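Below is one structure, written out as structure tokens; comments come after it.
The values are calculated or read from the model by the stated rules, or taken from the named source; none is laboratory data. No experiment lies behind these values; they were computed from the predicted model shown. All Cβ positions, glycine included, derive from the backbone under ideal geometry; neighbour counts span all protein chains shown.
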Amino acid sequence: ADKFGVPQALKDLGIAEINNGTSTGEDWFGNGEEIASYSPVDGQLIGKVKTTTREDYENVIAAAEKGFKEWRSWPSPQRGEVVRQFNDKLRRLKEPLGKLVSYEMGKSYQEGLGEVQEMIDICDFAVGLSRQLHGLTMHSERPGHRMYEQYHPLGVVGVISAFNFPVAVWSWNTALAWVCGDACIWKGSEKTPLTSVACQNIAARVFKENGVPAGISSLITGDYQVGEFMTKDERVPLISATGSIRMGKIVAQAVAARLGKSLLELGGNNAIIVTPDANIKNTVIGAVFGAVGTCGQRCTSTRRLIVHEEVYDKVKDAIVNAYKQIRIGNPLDENNHVGPLIGTDAVKNYQSALEQVVKEGGNILVEGGVLEGEGYESGCYVKPAIAEARNELKIVQQETFAPVLYLLKYSGDLENAIAIQNGVKQGLSSAIMTNNLREAERFLSVEGSDCGIANVNIGTSGAEIGGAFGGEKETGGGRESGSDAWKVYMRRQTNTINYTTELPLAQGIKFDL
Ligand code: NAD
């Protein structure tokens with residue numbers, strides 16, 4: 001860590017003193033037990049963070065509700081100006097924050113920087129959006145009437161996020177929700193508490209400088225129980241939850257029980273279809289990055305490669321060869337492609353998936369295994385593996401959050417590949433590699449991919465903030481980030497105004513008194 005400047009990054013982010021468990025962030029309440037954050041990179045303790053008690057939570061929600069009443073009346077471009085200043089700070093702190101993301105979560109430094117860049121991009125988007133919170137106008141069926149719709153701030157938004165994108169997911173939600181006039185309470189992952197504190201500190205400072213009321217950005221820390229404070233709380237009209245399908249099912253039911261809204265961003269089981277017309281070189285780049293990038297811990301990671309029998313052997317050989325070039329090691333060292341998994345439980349899941357695929361009749365093409373020895377002391381480094389399998393296997397139907405790629409063969413028409421691609425419960429990201437226009441268009445058509453994201457001639461992973469991000473089926477149906485995803489953070493109101501001296505009724509109904 002010293003060699004890669006992690007201590008300086010912690011200082012730059014204002015969280016260097018967090019080690020003794022006494023430092024608290026700004027606008028961040030924690031009087032509960034401590035959670036320790038160990039780096040999967042080298043197994044070292046980075047710092048301890050106090051968790052949020054029920055009483056702390058009551059203070060947070062009271063501040064958020066009070067702050068919201070004032071914040072909602074700020075003109076939205078002024079709220080945008082605060083987000084612009086927050087973004088300025090992010091730009092200045094991109095390197096230390098990217099480094100902390102890499103060190104605490106384990107993704108490569110390049111990907112850590114990329115994640116902060118996503119925060120910067122969504123803030124830029126949100127600043128522009130602050131002048132474009134448009135509704136429609138409609139023509140009334142009644143003479144002398146005008147109809148229009150407007151979007152008002154929603155209230156307190158609860159954001160629950162996963163470990164693998166410890167900073168970007170927060171900003172995808174909050175940058176939009178803030179310009180929409182909401183107060184946000186964030187429960188980050190208990191596996192990455194320090195990145196959460198670092199982000200909250202940056203926001204809190206900018207907000208104070210601008211006289212933003214307290215409680216517009218708050219952080220609560222802890223495990224699922226702290227998350228439940230919000231999911232069961234009717235004072236939180238929207239819960240945006242990112243994580244596993246298991247979590248999503250519990251959260252969705254808790255929120256629905258009080259008729260709240262939820263925005264769910266859950267697991268994927270993403271595939272690339274490789275047709276006989278594919279460019280093999282690009283296929284290999286897209287598939288390998290998709291399968292091993294972030295050590296297979298992206299919701300959009302490539303899990304399945306569905307290859308036509310005509311090109312199957314060629315693609316197989318090229319991918320197996322490419323895997324031989326992969327360098328696994330400290331993600332802060334830019335020579336390495338693949339860092340560690342988040343923890344030893346994740347390593348166990350990875351191992352059991354490899355055992356299971358063999359038990360179910362799969363054939364291992366590239367052996368996996370846990371790495372030991374110098375540089376691998378944390379016990380979290382594993383070898384990316386490939387298995388030949390069939391889509392029906394139970395293990396292939398699941399999302400294993402690790403670098404395990406399944407090679408599936410199809411024959412005949414593209415519709416057979418699409419059936420395999422769609423033949424899972426998840427529906428996040430999908431791709432086709434082909435130079436054949438007909439195939440590409442069929443893949444994107446109503447009879448094609450059933451996922452929220454469908455790409456042509458790029459892989460499944462890595463999305464831009466300009467589009468709406470999310471997936472169908474068990475992925476949860478939520479959409480975040482670009483396009484019109486902002487609408488979920490507001491409440492829509494339809495207004496009909498009568499500017500005549502009469503009171504005509506709709507549908508021509510007569511009601512004479
Ligand atoms: P996880 O489900 O274990 O935890 C996610 C978050 O939910 C954590 O903050 C956790 O404390 C909280 N949580 C868990 N149970 C809860 C409950 N009952 N009530 C309230 N909060 C609860 O997921 P993880 O291991 O951190 O992340 C990996 C998963 O996230 C993968 O399945 C991945 O595909 C998914 N993911 C999806 C997206 C997306 O946009 N679709 C993005 C990133 C990650």
Worksheet item: Filter the stretch 162-189 for residues that are touching a Gly at 6+ places or on another chain (Cβ under 6 Å) and more than 16 Å from residue 236 (Cα to Cα); which is surrounded by the fewest Cβ atoms within 10 Å (Cβ to Cβ)?
Response: 162
Fill in: Options 365, 407; residue that is more than 28 Å from the chain's Cα centre (by Cα), part of a strand (DSSP E or B) and in contact (Cβ under 8 Å) with a residue 40 or more places away in the chain
365
Worksheet item: What about residue 392, is it away from the ligand (no atom under 16 Å from the Cβ), in a helix (DSSP H, G or I), under 27 Å from residue 475 (Cα atoms) and over 23 Å from the mean Cα position of the chain (by Cα)?
Response: no
Worksheet item: Is one or more of the residues making up the stretch 253-263 among the hydrophobic types (A, V, I, L, M, F, W, C), more than 16 Å from the ligand (Cβ to nearest atom) and at pLDDT 95 or above?
Response: yes
Worksheet item: Considering the stretch 256-279 alone, what residues qualify as being under 23 Å from residue 462 (Cα atoms) and loosely packed, with under 15 Cβ neighbours inside 10 Å?
Response: 279
Fill in: Set 104, 95: member being in a helix (DSSP H, G or I), crowded, with 21+ Cβ neighbours inside 10 Å and not β-branched (Val, Ile, Thr)
104
Response to the item:
Those residues of the stretch 429-448 which are farther than 23 Å from residue 265 by Cα, of a type in the set (A, V, I, L, M) and surrounded by 19 or more Cβ atoms within 10 Å (Cβ to Cβ) amount to 433, 440
Response to the item:
Restricting attention to the stretch 208-226, the residues that are crowded, with 24+ Cβ neighbours inside 10 Å and outside any loop (DSSP other than H, G, I, E, B) number exactly 4
Discussion item. Yes or no: the stretch 64-81 includes at least one residue that is within 14 Å of residue 184 (Cα to Cα), hydrophobic (A, V, I, L, M, F, W, C), part of a helix (DSSP H, G or I) and touching a Phe, Trp or Tyr at 6+ places or on another chain (Cβ under 7 Å).
Written reply: no
Worksheet item: Within the stretch 243-252, is even one residue away from the ligand (no atom under 14 Å from the Cβ) and in a loop (DSSP other than H, G, I, E, B)?
Response: no
Fill in: residue 325 more than 18 Å from the chain's Cα centre (by Cα) and within 13 Å of the ligand (Cβ to nearest atom)
no
Worksheet item: So which of 228, 309 ends up being among the charged types (D, E, K, R), more than 20 Å from the chain's Cα centre (by Cα) and farther than 24 Å from residue 469 by Cβ?
Response: 309
Worksheet entry | Subset of the stretch 140-176 (residues that are aliphatic (A, V, I, L, M) and away from the ligand (no atom under 16 Å from the Cβ)) | 147, 154
Worksheet item: Which condition breaks for residue 343 when tested against (1) within 19 Å of residue 315 (Cβ to Cβ); (2) surrounded by 15 or more Cβ atoms within 10 Å (Cβ to Cβ)?
Response: (1)
Discussion item. Which count do you get for residues in the stretch 306-347 that are farther than 30 Å from residue 449 by Cα and in a strand (DSSP E or B)?
Written reply: 1
Practice prompt. Could you check, for the stretch 268-275, whether at least one of its residues is outside any loop (DSSP other than H, G, I, E, B) and within 13 Å of the ligand (Cβ to nearest atom)?
Written response: yes
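Based on what the data block shows, is residue 162 part of a helix (DSSP H, G or I) and either at pLDDT 95 or above or charged (D, E, K, R) (or both)? Lay out the reasoning, then the answer.
Numbers: part of a helix (DSSP H, G or I): no; either at pLDDT 95 or above or charged (D, E, K, R) (or both): yes.
So residue 162 fails the test.
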Practice prompt. State yes or no: is residue 240 in contact with a helix residue (DSSP H, G or I) (Cβ under 8 Å, 6 or more places away or on another chain), under 20 Å from residue 465 (Cβ atoms) and touching a residue at least 40 places away in the same chain (Cβ under 8 Å)?
Written response: yes
Worksheet item: Mind checking whether some residue in the stretch 282-300 is within 16 Å of the ligand (Cβ to nearest atom), charged (D, E, K, R), crowded, with 22+ Cβ neighbours inside 10 Å and closer than 23 Å to residue 370 by Cα?
Response: yes
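Which one of 357, 315, 320 is in contact (Cβ under 8 Å) with a residue 40 or more places away in the chain, touching a Ser or Thr at 6+ places or on another chain (Cβ under 8 Å) and among the hydrophobic types (A, V, I, L, M, F, W, C)?
315
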Response to the item:
Within the stretch 486-513, residues surrounded by 10 or more Cβ atoms within 10 Å (Cβ to Cβ), modelled with pLDDT under 95 and part of a helix (DSSP H, G or I) come out as 506
Worksheet item: So which residues in the stretch 460-482 are closer than 22 Å to residue 119 by Cα and either in a strand (DSSP E or B) or away from the ligand (no atom under 15 Å from the Cβ) (or both), if there are any at all?
Response: 466, 468, 469, 480, 481
Item to complete: Scan the stretch 195-219 for residues that are in contact with a helix residue (DSSP H, G or I) (Cβ under 6 Å, 6 or more places away or on another chain), within 16 Å of the ligand (Cβ to nearest atom) and small (Gly, Ala, Ser) and jot them down.
Response: 218
Discussion item. For the stretch 177-194: of the residues being more than 15 Å from the chain's Cα centre (by Cα) and among the β-branched types (Val, Ile, Thr), which is farthest from the ligand (Cβ to nearest atom)?
Written reply: 179
